Amino acid sequence: MKGSTYRRCSCRDPKTGKELGSSCPMRSSRNHCTYSIRQELPPHEDGSRRSFARGGYASLKAAQADLDHVRALLGLAESDDPEGVQLIAEMLSKVSRDKLPLPDVEETRRRLNASQDLVGSLTVAEWLDRWLAGKRIRKSGISRYETDVRVHLKPHIGDRRLDRLRVSHLSEMFTAIADANAETLEQNAQRRAAVDELAAVPWKGKGNRDRRKAIKAAIDAMPPFRRVTGPSTRQHIKATLRAALNDAIGQQIITFNPAAHVEIDPVRKPKALVWTDERVARWQQTGEKPSLVMVWTPKQTGAFLDFVADDRLYAMWHLIAFRGLRRGEACGQPWSETNLDRHSLTVTGQLVQDGWDVEASEPKTDSGFRVVALDDDTVGVLERHRKQQEANRAEWGSAWMNTGLVFTQEDGSWLHPGKITDLFERLVTASGLPPIRLHDLRHGAATLMLAAGIDIKIVSDTLGHSDTRITRDIYQSVLPHVGRSAAEATAKLVPLQRKAEQEKQARKAAKKAEEAKANRKKKAKAKRGAKKG
């Protein structure tokens with residue numbers, strides 16, 4: 001295609017205002033004129049012409065360099081690729097019209113091959129929006145991603161160019177989050193102090209009323225109580241960004257993922273602790289739980305199940321306590337996947353919350369799809385529950401909602417997972433037992449299996465863990481007698497010379513004691529015989 005460089009004088013006639021062009025008396029002077037370029041571009045699809053034009057070059061060499069640059073860009077699209085030809089032509093038209101810098105040839109080649117926009121650079125915010133729109137995961141997962149993006153990522157790094165995002169930018173973001181946490185804690189403390197002060201001021205008396213009014217005004221002017229961004233949330237923010245940037249790498253938009261290299265404070269996951277007598281006594285004195293994750297002993301679990309024996313959802317509490325189903329899995333378990341004749345059930349779905357709304361979803365992970373064996377007692381409990389459900393169905397008649405689930409509300413409709421958690425907490429409080437969460441009842445099932453000597457692989461499969469390491473990490477602290485039995489068994493495997501000598505001496509001492517006892521009996525018998533004689 002035709003292209004050229006040419007000199008141009010921009011001087012104008014003072015009377016007419018027209019450019020003088022070649023008639024300018026200064027045209028022959030050195031450095032008076034500038035150079036321009038023009039390159040024909042592939043025509044529009046309707047056949048109309050278009051071109052790339054640019055001027056203002058100080059030298060012919062600079063003008064020729066840009067013309068060669070334009071031609072190199074035109075050469076990126078093969079002649080048998082009409083779509084590519086049009087994309088390059090549209091890009092150069094836009095660059096010429098908007099007076100944008102000429103894009104790099106190799107970068108344009110990469111973008112063209114990756115079917116990306118050829119003009120402009122994505123910001124982090126633009127990419128995150130595009131990434132979220134393409135995610136195909138359950139609604140609750142999308143909501144969590146959207147929260148990370150809206151609350152943290154866009155405000156801190158949304159305006160930065162995606163291809164220029166660096167580890168240092170992310171470090172600055174997490175530092176800013178930590179600073180905001182400190183400010184929030186200070187403001188919360190100030191508001192708490194003001195609230196406590198207000199509570200201590202008597203209602204009666206003019207001076208007291210004025211003081212209360214002033215304190216209330218001060219409280220109203222303060223920021224409301226707010227939650228800080230904890231370590232787990234910060235890790236989730238990092239994971240969200242890392243996933244988004246990995247997809248950008250997969251689409252060849254960027255080549256480096258800074259989120260994979262930024263360092264933030266690690267999350268210390270709470271370990272499961274058992275409610276021993278000592279811990280229970282401490283809790284009764286202070287009201288404090290030793291750990292977020294607390295597990296009942298077998299005796300405490302039995303006491304709770306006895307306490308809720310008449311509860312309409314007893315079978316659910318029993319199933320979670322012995323087989324370790326997750327809350328959503330229990331709420332969403334269908335009768336069609338519950339085979340009492342074969343003593344098993346298959347976990348194929350769950351009910352999950354999105355805000356306060358409830359929706360059916362697949363299990364949490366691929367390993368969540370699993371077959372769970374049922375013992376005779378649990379089968380009996382579920383059979384009695386089914387009979388009661390059939391009686392409820394008959395009582396409700398046409399108003400019964402046939403969801404096909406094992407555990408439902410009185411009219412057969414879905415259980416709300418959040419309400420089930422609230423009900424469980426009320427039952428635990430009423431029982432007088434030390435507090436645990438509903439999810440801790442699942443932890444208790446794992447602990448019981450480990451205490452019974454079940455192989456950890458079977459325990460992991462029953463719980464739906466993707467790896468036995470997850471099971472080990474959570475249940476390092478098991479029932480006390482399990483740990484003691486393991487310690488005793490381990491100690492017996494090591495032959496210590498000192499220990500052997502001590503045991504030998506102990507046996508000798510025991511033998512001497514037995515011999516002395518026998519001699520004393522013999523002498524006593526001889527004395528009795530002599531007296532009789």
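The values are calculated or read from the model by the stated rules, or taken from the named source; none is laboratory data. Quick caveat, the model's predicted, so the values are computed rather than measured. Cβ placement follows ideal geometry from the backbone for every residue including glycine, while neighbour counts extend to all protein chains displayed. Protein only, heavy atoms only, side chains kept; ligands, DNA and RNA dropped before computing areas. Shrake-Rupley method; radii C 1.70, N 1.55, O 1.52, S 1.80 Å.
What the table shows:
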| item | result |
| --- | --- |
| Residues satisfying the stated conditions in region 404-436, i.e. surrounded by 15 or more Cβ atoms within 10 Å (Cβ to Cβ) and without any contact (Cβ under 8 Å) to a residue 12 or more places away in the chain | GLN409 |
| Pick from region 293-313, criterion in a loop (DSSP other than H, G, I, E, B) and touching a residue at least 60 places away in the same chain (Cβ under 8 Å), ranking: surrounded by the fewest Cβ atoms within 10 Å (Cβ to Cβ) | ASP311 |
| Condition met for LYS61 (of a type in the set (Lys, Arg), in a helix (DSSP H, G or I) and either within 30 Å of CYS9 (Cβ to Cβ) or more than 43 Å from the chain's Cα centre (by Cα) (or both)) | yes |
| Of all residues in region 7-39 being open to solvent by 40 Å² or more (accessible area, probe 1.4 Å) and at pLDDT 85 or above, the one that is nearest to GLN86 (Cα to Cα) | ARG38 |
| Residues that are touching a residue at least 60 places away in the same chain (Cβ under 8 Å) and surrounded by fewer than 20 Cβ atoms within 10 Å (Cβ to Cβ), drawn from region 328-337 | PRO334, TRP335, SER336 |
| Single condition THR147 does not satisfy, out of (1) closer than 30 Å to VAL358 by Cα; (2) in contact (Cβ under 8 Å) with a residue 12 or more places away in the chain; (3) hydroxyl-bearing (Ser, Thr, Tyr) | (2) |
| Of all residues in region 66-80 being outside any helix (DSSP H, G or I), open to solvent by 20 Å² or more (accessible area, probe 1.4 Å) and small (Gly, Ala, Ser), the one that is nearest to GLU40 (Cα to Cα) | GLY75 |
| Among the residues listed as GLU329, GLU337, the single one being of a type in the set (Asp, Glu), farther than 23 Å from ALA430 by Cα and over 22 Å from the mean Cα position of the chain (by Cα) | GLU337 |
| Any hit, region 364-374, residues being open to solvent by less than 40 Å² (accessible area, probe 1.4 Å), among the polar types (S, T, N, Q) and at pLDDT 95 or above | no |
| Cβ pairs under 6 Å, 6+ apart, first in region 357-371 and more than 16 Å from LEU345 (Cβ to Cβ) and part of a loop (DSSP other than H, G, I, E, B), second at pLDDT below 85 and not aromatic (Phe, Trp, Tyr) | THR365/SER466 |
| Filtered residues of region 271-291 (kept if assigned to a loop (DSSP other than H, G, I, E, B), over 14 Å from SER431 (Cβ atoms) and touching a residue at least 40 places away in the same chain (Cβ under 8 Å)) | LYS271, ALA272, THR276, LYS289 |
| Single condition ILE420 does not satisfy, out of (1) in contact with a Phe, Trp or Tyr (Cβ under 9 Å, 6 or more places away or on another chain); (2) under 24 Å from ARG136 (Cβ atoms) | (2) |
| Candidate set from region 81-132 (those that are surrounded by 15 or more Cβ atoms within 10 Å (Cβ to Cβ), assigned to a helix (DSSP H, G or I) and among the β-branched types (Val, Ile, Thr)); member that is modelled with the highest pLDDT | VAL124 |
| Number of positions in region 253-270 that are open to solvent by 50 Å² or more (accessible area, probe 1.4 Å), part of a loop (DSSP other than H, G, I, E, B) and closer than 30 Å to GLN116 by Cα | 3 |
| Residue within region 49-56 that is among the hydroxyl-bearing types (Ser, Thr, Tyr), modelled with pLDDT of 90 or more and either farther than 30 Å from THR255 by Cα or out of contact with any strand residue (DSSP E or B) (no Cβ under 8 Å at 6 or more places or on another chain) (or both) present | yes |
| Given (1) out of contact with any Gly (no Cβ under 6 Å at 6 or more places or on another chain); (2) in contact (Cβ under 8 Å) with a residue 60 or more places away in the chain, index of the condition ASP220 fails | (2) |
| Residue list for region 314-327, restricted to those being open to solvent by 10 Å² or more (accessible area, probe 1.4 Å) and not basic (Lys, Arg) | TYR314, PHE322 |
| ALA445 touching a residue at least 60 places away in the same chain (Cβ under 8 Å) and surrounded by 18 or more Cβ atoms within 10 Å (Cβ to Cβ) | yes |
| LEU345 being under 16 Å from LEU441 (Cβ atoms), of a type in the set (A, V, I, L, M), open to solvent by less than 10 Å² (accessible area, probe 1.4 Å) and touching a Leu at 6+ places or on another chain (Cβ under 8 Å) | no |
